[in-house]
Amino acid sequence: MKETSLDQFVAEKGQSEAARLLGVTPPAIYKAIAAGRRIRVIEISDGAFQASELRPFPSQPKLQVA
């Protein structure tokens, strides 16, 4: 099982092919990379690819109550 960042995956496969392999559109790939999202792509045993995002929890900052 190989794991890589989305931007490295796109560099290896190309934006259109990466989008096809992940089941999204090329603009979605572009937006995710441009926004600096921390997405990891994993090649699973049957040769398919799966992507997941690493985000802090909770993702929204806490509101300060005065």
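Brief remarks on what is shown
Matching residues to (1) of a type in the set (Val, Ile, Thr); (2) modelled with pLDDT under 95:
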residue	(1), (2)
MET1	no, yes
ASP7	no, no
GLY14	no, no
LEU22	no, no
ILE39	yes, no
ILE42	yes, no
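- The residues in the range 17-49 that are of a type in the set (Gly, Ala, Ser) and either under 20 Å from MET1 (Cβ atoms) or in contact with a strand residue (DSSP E or B) (Cβ under 8 Å, 6 or more places away or on another chain) (or both) can be counted, and the count is 6.
- Contact map, the range 1-21: first residue at negative phi, second residue among the polar types (S, T, N, Q) and modelled with pLDDT of 95 or more, Cβ cut-off under 8 Å, separation 6 or more or different chains; pairs are GLU12/THR4; ALA19/THR25.
The values are calculated or read from the model by the stated rules, or taken from the named source; none is laboratory data. In this text, all values refer to a predicted model and were calculated from it rather than measured experimentally. Cβ sites come from the backbone with ideal geometry, for glycine too, and all protein chains shown count toward neighbours.
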